[in-house]
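Quick note: the coordinates plus some simple rules give every number you see, no bench work behind them. These figures come from a predicted structure and were not determined experimentally. Cβ: placed from backbone, ideal geometry, glycine included. Neighbour counts: every protein chain shown.
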Amino acid sequence: MTNRARNAVIAVLTAAVVGATCAPVSAQTEPGWKVQGNVTGMAGQYFYDKSAGSVNGFADADAQLLRSFSTERGFYLDAHTTYTGFKQVDELAGGGTLFQQSWDNSLEGKFVQRYDDGWSLKPRLAVRSELYRETVDEQWGKGLYDFARGEGGLLLEHKTRLGLSTPWTWQLSWDVYYTHYPHFQSLTSQFGTEQSAPDPDSRILDTVSNQLSYRSDFDLPGFAAAWFQYSVSFISFTDQKVVNSQDQFLSTNRTDAFQSLDLGYSKRLNDWLKLGRVRPVVAIDWTTSDLISNQNDFDADPSRLKFIGAYYDYWETHLSPSLTAAFLKAGSVLRVGADFGARYYTGRLSQNGDGSYRGDKLHQYTEAVTLDFSQPLWRQLDFRARAAWENTSANTYYEQTYTYNYHDYNYFAGLGWRF
């Protein structure tokens, strides 16, 4: 086992031990306060394309501090951290980027004010930090795509009924986000021809976003549930200028509009008695989204010199069925999920391996399968296992800027502690 793998395993096991030892102490809070949460530590192996990674880890910890001042008023504080020790492709700047490891941290405070007839008002404030390592020797906190985010929002909730037998909860929310990339600086002006081009200190990925969302949840008869959510985000880039067909930068900043629609349904089936009282729940979720941006792209390579309008625009859809089986006698839970997705760019063109353009619009397909298992061991201590497989393919072969074609799978096992 390499030093890197050994350090990762030690970090994962340390997180699990710390969570286990802190849990009894957390319960000894003053009256009126409540602390709850969970810690998970796993070790395993990942495989990316044709390469196998060494043993690495995954760790996740979540803790909530709740304070009820009265039946109408309360406070909620949530702290969360996740370490992912295997290769992954995340989209942060207009396309997929391959990272070796990531570390996500967030802290959120929410105040709850309840009113008569099922009305509630929930303002919130949050901060988040996401750290990425593109190479194994890159220091934490020095990543090009590291970002910090400040968040604030207000949610209006109403719990009522649709008819006599269907509880109905709907929510209307407005959220504001400011995202800052401290290490990402534009070098466009070194190659551009206009003085209006962003200078090397420009924070061209920094954004201010406003998001409006509506969600409805229905508790249907027969142990079924359905949900519906629509959200729209208006994203303003603070420093990124729009490029035109002459490879000139305009005085106008880039702005994006992103909207998403999510529909879901779940149903608890009759228990499978022949398997020892297994309680199955089937679910299906369908999402569709699109991004519209005023930003274009100009390929300044002398062999191509290509202008591409609406470079970031796309629409995307995902269909995600799942089956969750609870083994009532043993207390174990098994969940199998799948995801089938497709993304179609309306402006971006596909390319050959040498960068030459093929003429057709770029599209990308994704298939994924996940498997999660948990088994109680002692009190709040669980054994947990997780496996995932994903394949992503596209009609383009030029990937010096973004990653479009890859397949990966991983498996991990470890312990989880609930307190």
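A few comments on the model shown:
- Scan of the range 359-402 for residues that are over 30 Å from Phe298 (Cα atoms) and outside any strand (DSSP E or B), ordered by number: Arg379, Gln380
- Verdict on Ala225 being part of a strand (DSSP E or B) and closer than 30 Å to Ala330 by Cβ: yes
- Conditions (1) touching an Asp or Glu at 6+ places or on another chain (Cβ under 8 Å); (2) farther than 28 Å from Ala43 by Cα: number failed by Thr401: (1)
- Filter pass, Val176 being touching a residue at least 60 places away in the same chain (Cβ under 8 Å) and β-branched (Val, Ile, Thr): no
- Hey, Arg335 in contact with a Phe, Trp or Tyr (Cβ under 8 Å, 6 or more places away or on another chain), of a type outside the set (A, V, I, L, M), without any contact (Cβ under 8 Å) to a residue 40 or more places away in the chain and farther than 28 Å from Leu212 by Cα or not: yes
- Count - residues of the range 249-271 that are farther than 21 Å from Thr238 by Cβ, in contact (Cβ under 8 Å) with a residue 24 or more places away in the chain and loosely packed, with under 15 Cβ neighbours inside 10 Å: 2
- So Glu134, is it under 30 Å from Phe99 (Cβ atoms), in contact (Cβ under 8 Å) with a residue 24 or more places away in the chain and surrounded by fewer than 16 Cβ atoms within 10 Å (Cβ to Cβ): yes
- Among the residues of the range 371-391, those identified as of a type in the set (S, T, N, Q) and in contact with an Asp or Glu (Cβ under 8 Å, 6 or more places away or on another chain) are Ser374, Gln375, Asn391.
- Considering the conditions (1) under 23 Å from the mean Cα position of the chain (by Cα); (2) within 23 Å of Lys241 (Cα to Cα); (3) assigned to a strand (DSSP E or B), Val336 is excluded by exactly one of them, (2).
- Strands (runs of 3 or more DSSP E) contained in the range 75-152 and holding at least 1 residues over 30 Å from Leu362 (Cβ atoms): 101-114, 119-133
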